[in-house]
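The block underneath contains the structure these notes are about, expressed in structure tokens.
Read-outs: derived from the displayed coordinates by stated rules, not from any lab. The structure presented is a predicted model; accordingly, all values stated were derived computationally and were not measured. Heads up, the Cβs are rebuilt from the backbone with ideal geometry, glycines too, and the neighbour counts pull from every protein chain shown.
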Protein chains: 4
Amino acid sequence: MAAKITGILTPHMVPLDANGRIHEAELRRYVDWLIARGVHGLYPNGSTGEFIRFTVEERRRIVKIVCEQAAGRVLVLAGAAEANVRETVAACEAYADYGARAVAIVSPFYFRLGPESVYAYFREIALASPIDVTLYNIPMFASPIDVPTIQRLAELERIVGIKDSSGDLAFMMRMIAAIRPVRPDFSFLTGWEAVLVPMLLIGADGGTHATSGVVPELTRMMFDLTGARDLDQAMKLQYRLLELFDAMLYSADFPEGFRAAVELRGFAMGRGRQPLSAAQQVDRERLQRVLRCLLADFGYVDPPPEGCPPRRPDAKAAQVNEIVGEVVEALRHKGVL
Amino acid sequence: MAAKITGILTPHMVPLDANGRIHEAELRRYVDWLIARGVHGLYPNGSTGEFIRFTVEERRRIVKIVCEQAAGRVLVLAGAAEANVRETVAACEAYADYGARAVAIVSPFYFRLGPESVYAYFREIALASPIDVTLYNIPMFASPIDVPTIQRLAELERIVGIKDSSGDLAFMMRMIAAIRPVRPDFSFLTGWEAVLVPMLLIGADGGTHATSGVVPELTRMMFDLTGARDLDQAMKLQYRLLELFDAMLYSADFPEGFRAAVELRGFAMGRGRQPLSAAQQVDRERLQRVLRCLLADFGYVDPPPEGCPPRRPDAKAAQVNEIVGEVVEALRHKGVL
Amino acid sequence: MAAKITGILTPHMVPLDANGRIHEAELRRYVDWLIARGVHGLYPNGSTGEFIRFTVEERRRIVKIVCEQAAGRVLVLAGAAEANVRETVAACEAYADYGARAVAIVSPFYFRLGPESVYAYFREIALASPIDVTLYNIPMFASPIDVPTIQRLAELERIVGIKDSSGDLAFMMRMIAAIRPVRPDFSFLTGWEAVLVPMLLIGADGGTHATSGVVPELTRMMFDLTGARDLDQAMKLQYRLLELFDAMLYSADFPEGFRAAVELRGFAMGRGRQPLSAAQQVDRERLQRVLRCLLADFGYVDPPPEGCPPRRPDAKAAQVNEIVGEVVEALRHKGVL
Amino acid sequence: MAAKITGILTPHMVPLDANGRIHEAELRRYVDWLIARGVHGLYPNGSTGEFIRFTVEERRRIVKIVCEQAAGRVLVLAGAAEANVRETVAACEAYADYGARAVAIVSPFYFRLGPESVYAYFREIALASPIDVTLYNIPMFASPIDVPTIQRLAELERIVGIKDSSGDLAFMMRMIAAIRPVRPDFSFLTGWEAVLVPMLLIGADGGTHATSGVVPELTRMMFDLTGARDLDQAMKLQYRLLELFDAMLYSADFPEGFRAAVELRGFAMGRGRQPLSAAQQVDRERLQRVLRCLLADFGYVDPPPEGCPPRRPDAKAAQVNEIVGEVVEALRHKGVL
């Protein structure tokens, strides 16, 4: 039996070239960079990887490139959800050939399906897949997978884990309590890095989260510190990661804030496939200035030439700046300036 | 300028053959049948048409078949959303070639995007599309389109209408109040047939809804009666349609209940692409018995040989039957029987 | 048997004096004014009447004043929900003494209870109440009452109606379809005036809604026009009411926008019991300017000395004004100005 | 300055006598029992204490009894929310007289208010209160208090802490990050015991949660083990508490499951003020059998004479029992049996 899937797995983004196509060289360089900074695995075609904005052929090519470039140095967990069971199984077959360790299948989306449908869907895939399958629960975007359904699905040998992006610790505990006693090999991965350390403490096996594509050193360090039970240090980093995470997540529609951050780490990500309005482009530039300072604080990038605000700035000055910025943008946005 | 889009447009389902492929002959027969029963237009690749469960190539083929078969007798509004703007525009070009009147583009789904992103997305498509575009707002499945965003988008000539499936009358009124004075040609279509007649009364131009694929005669009649201001009759039918609609919508994960109903009208729909569990198959058979009686009540199909329960059945007997049904299924479902 | 409850019932607000106490004289004057403008009934201690912000003793006094002042000219439907069943029944007894036609009991709030609890709660009250009871369903604030529960409760003779504030037409139709055949005397009242005319068209018996406390003439006219099947006129008014309603509902936390509007009709409402921040007070003044123009448009009040903007103002000028207004307030709010 | 509020504070229930009145003797006995089992404080008139189902006078009496009985042995945090600011301040004054350490004020409920209103409400109370105030955030029942609002309120000296029942760890971290640097005395308490240990690990000061009224020894032990950084043991208990918590929370409308559990610890709780339907009474008996076994497993009570099922029972037998139980209840519920 293959080893249990554990550690930090990066649902990486895909650099695009000037024509909006996959930028293969940059993707390969990004894969090497992530591996060099300690991630335990790569997760192409995840939500952060915007699987939904690529074509079937592009999704295949992304996995192929990543498997080739990883070349066995780290495992590959390949997002394989396609239009229907038949297409998804075909992707599973391809990804098995490319050398992926397992596939990750997001629960059916667009339609919100009930537990019976979710069960039937995963069951049919698992019975036909030549490669191990992990479930992917992300209730804010896709049909929720509840604990009884996970229990039923864990009876199928091909299903070896779940990635849960709900961020709900009690839900993670309920899953672990229900399944670990009967399936010790089953892997529980959190997709909500805002609480990565607490999730590891209650027994999660790892994390697969967008932030690890921005600061892989940091999330790897948090994983190792928690494993070594150096909680004071781990929690300190968790608080700093939360600040960075919130800035990336709440300042732009997901995952644009993460794309802006990966650029700061030195990768040419290209214009995203979801177009940005003029107002959003202004927002994005402002966000990058904030992110540059946060990343400089970790020592990962150089601070901007104009310097960064003190960590706890004079409140009034900050407010005036913020308001002036909002006004200018609002005026621009409404076409007045 | 092309005529405003009005009337009953059917977001029809797609019959599948024994291999799970598009059953072209049956689809053509279904198109003819719908046209013969009075629908004003056809809407391939809608939600009811499960666009998301077909491949890109299949979606093209469905529109091609429908345009050919309609042959100008009724208009075709083709669902054209693909993985990204570029792919969507390519679909728009193809559907223009096939002779569609316009395309319908669902708001970005999976990710929940904010108004600026929704605006930027539709704007980029509208500027590149060679064919008129209608927006498709279905907030339970996709990013919501709010009134200010619709107003901004209505400034683009290519955008000629919106289909709204929220079922919220006040929202429909807000849209009409904001846009009709400046764009009298803009079409407002409701996707929530539960309130079709009230929507028409407040000024909606038509409906594009799943039930019209099951009882096209009925929804056409409701449209005509409302237009003729025969409200007593229109409302009576609205109440009867609601009963049918609720049965189809709430007894199975959408749109399986509608598939079960279309079969009763005489079409071989095939096994759907979303697999059903054993328990769901039992449910589906029970649902079909209920639907057969509802449709027989309209005179659209023959009642089952065993007859139908009285419209207001003896309560206690119904309860016992229902409970016994639930028990047997629950036992089966849990593998006890 | 008492007559079925129908028509426009006003969940009126309560004027307060300079000490924040009930302003009895002004309340009596307001009651007379509402009756003179044609409302069919008064509904003290509704949500709009902020029942929750008064003490038990005050709630009693409000109903007493209203019953006395109405003096049989119109019916009184008295909000009677208290801390628990025993206290609620005591209120029912008092309101029966005061001469109310019936009480309205909101579904249990704070805790979100399931259908069984909702049923048990209303059942116990209905069995002990000496006065007819109407259910009050307002799912955004209180435990929802679903159709099966309403059906069960409609078996109790004491329960004679429901006020539903969900604004969901299909839900109203489901209730009517389930209950009217067996309880023709059961009254269905909508609390969502945004869709008052459509609700009446599908068979609702009346409306009990905040706006009728601001423009009682208008809502009464809409009721009469719909009854007379003058739909063109009724719908025109419905659109105009919607604009007014949206301004009152979405420009301040409910029901402060309605209080601001009642003041414009000439009543001294006093400072509300929910305190306003400095920024909110500025917002309120701005709202009143907007409302004054909307009400002047109906001819109900004089326009402000400075005049009103044209109904479809030059967009750019409006935007600049709006933005400048927002900026000044934001600066004030943050203590910068 | 008074000491920071920390530790396990119990939002205890209130025993009722045969007439449904406060059972003072039993309440005093319960207070002694809780103190003897190690809780750091008592929290009368919390959500678990069903403050909303008591009258103003009863709420006063409950706090008076608890303060008297605690007699300084542990602190009292008294729930003081009344109908409006004036009434709430009067309660604060009374509770200061009784000797409470502080009051807890739930955010405005019924109406869902925005941040400005929430701010204005708490500010006005804090400025008038003679006793320290803690905020109480429970977004599932009351208007949410967001981080910027908490920051603004933390500028007021009288406000000394917050109880948050959202269960969201990242939210707790955001509050702590924003406020602790400037107000080290500000107390952060979690109301979501499902994740008590993780909350303490990220820096929360304590917990005030319903389960501590059922198994005070256990939650105290979890607090102490976490403080001593004996995480293995603390987490083991957290998993066991979760099982108990889920049973109490999800098997009945809150807080009836907790009442059923406190009875098992030897207190005569009386019939609750929210009536139970016949079906709910059957459910409650079944729940008590489950809870008895869970509590017996901890050694807190004796197992039932008939014994308990093995912790991981034979699945099929359990299912049959469960189904049979459901059937019988459903039949009873529908009046068939």
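Observations on the model:
- Theoretical ellipticity at 222 nm over chain C - DSSP helices of four or more residues, -39500 (n - 2.57) apiece, nearest 500: -15500 deg cm²/dmol
- Percentage of interatomic Cα-Cα distances in the stretch B:106-188 larger than 18 Å: 35
- Note on residue A:230 and residue A:97: the model spin-label points, each 7 Å out from Cα along the C-beta direction, lie 4.6 nm apart.
- Residue-count net charge about residue D:18 - beta-carbon cut-off 13 Å; Lys, Arg +1, Asp, Glu -1: 0
- Rounded tilt (10° steps) of C:56-70 against the dominant C-alpha axis of chain C: 90
- Computed from backbone phi with θ = phi - 60° and the Karplus coefficients 6.51, -1.76 and 1.60, the 3J(HN,Hα) list for the stretch B:124-139 is 5, 5, 4, 5, 9, 7, x, 9, 4, 10, 10, 7, 10, 9, 9, x Hz; x is used for glycine and proline.
- Long pairs among A:236/D:236; B:163/C:236; B:163/C:163, criterion Cα-Cα beyond 27 Å: B:163/C:163
- Among the cysteines of the protein assembly as shown, A:67, A:92, B:67, B:92, C:67, C:92, D:67, D:92 have no other cysteine beta carbon within less than 4.7 Å of their own.
- Translational diffusion of the stretch C:39-87, µm² s⁻¹ [Kirkwood Rh, Cα pairs; Stokes-Einstein; 25 °C; 0.890 mPa s]: 219
- Summarising the amide proton neighbourhood of residue A:102: residues at separation of 5 or more, or on other chains, whose placed amide H is nearer than 5 Å comprise A:76, A:78.
- In chain B, the longest principal axis of the Cα atoms and the axis of helix B:278-298 are about 80 degrees apart.
- When residue A:243 is represented by a point 7 angstrom out along its Cα-to-C-beta vector, the spacings to that point in the other copies are 4.2, 5.0, 6.4 nm, nearest first.
- Rounded to the nearest 10 degrees, the inclination of helix B:85-98 to the longest alpha-carbon principal axis of chain B is 80 degrees.
- Legend: calculated FRET efficiency, residue B:68 to residue A:28, from the Cβ-Cβ distance at R0 = 35 Å, rounded to 0.05, equals 0.15.
- Under 10 Å, Cβ to Cβ, from residue B:251 - net charge with Lys/Arg +1 and Asp/Glu -1: -2
- The H on the amide N of residue A:7, modeled in the peptide plane, is under 5 Å from the matching H of A:206, A:207, each at least 5 residues off or on a different chain.
- Shortest first, residue C:56 label-point distances to identical copies amount to 1.0, 7.0, 7.0 nm, with the label point at 7 Å from Cα along Cα→Cβ.
- Hydrodynamic radius by Kirkwood, which averages 1/r over all alpha carbon pairs of the stretch B:183-238, in angstrom: 11.2
- Between the stretch B:249-272 and the stretch A:110-125, the Cα center-to-center distance that results, in Å: 17
- For the stretch C:104-112, 3J(HN,Hα) per residue [Karplus equation, 6.51 cos²θ - 1.76 cosθ + 1.60, θ = phi - 60°, Hz, x = Gly/Pro]: 10, 10, 5, 4, x, 10, 6, 5, 9
- For the stretch A:233-294, alpha-carbon Rg over 2.2 N^0.38 Å: 1.17
- The H on the amide N of residue D:159, modeled in the peptide plane, is under 5 Å from the matching H of D:133, each at least 5 residues off or on a different chain.
- The convex hull around the C-alpha trace of the stretch D:152-211, projected and averaged over every direction, spans 3.9 square nanometres.
- Inter-probe distance in nm under a simple model that places probes 7 Å from Cα toward Cβ, at residue C:268 and residue C:36: 1.8
- Inter-site label distance for residue B:285 and residue D:311 at 7 Å from Cα along Cβ, in nm: 4.3
- Label point 7 Å beyond Cα along the C-beta direction, distances from residue C:279 to other copies (nm, shortest first): 1.8, 4.6, 4.8
- Tensor-based shape of the stretch C:13-115 (alpha-carbon gyration tensor, a/c under 1.5 rounded, otherwise prolate or oblate): prolate
- Translational diffusion coefficient (Stokes-Einstein; Kirkwood radius from C-alpha pairs) of chain D at 20 °C, 1.002 mPa s, in µm²/s: 103
- Cα centroid separation - the stretch B:179-225 against the stretch C:186-202, whole Å: 20
- Radius of gyration and Dmax over the Cα atoms of the protein assembly as shown, both given in Å: 31.6, 88
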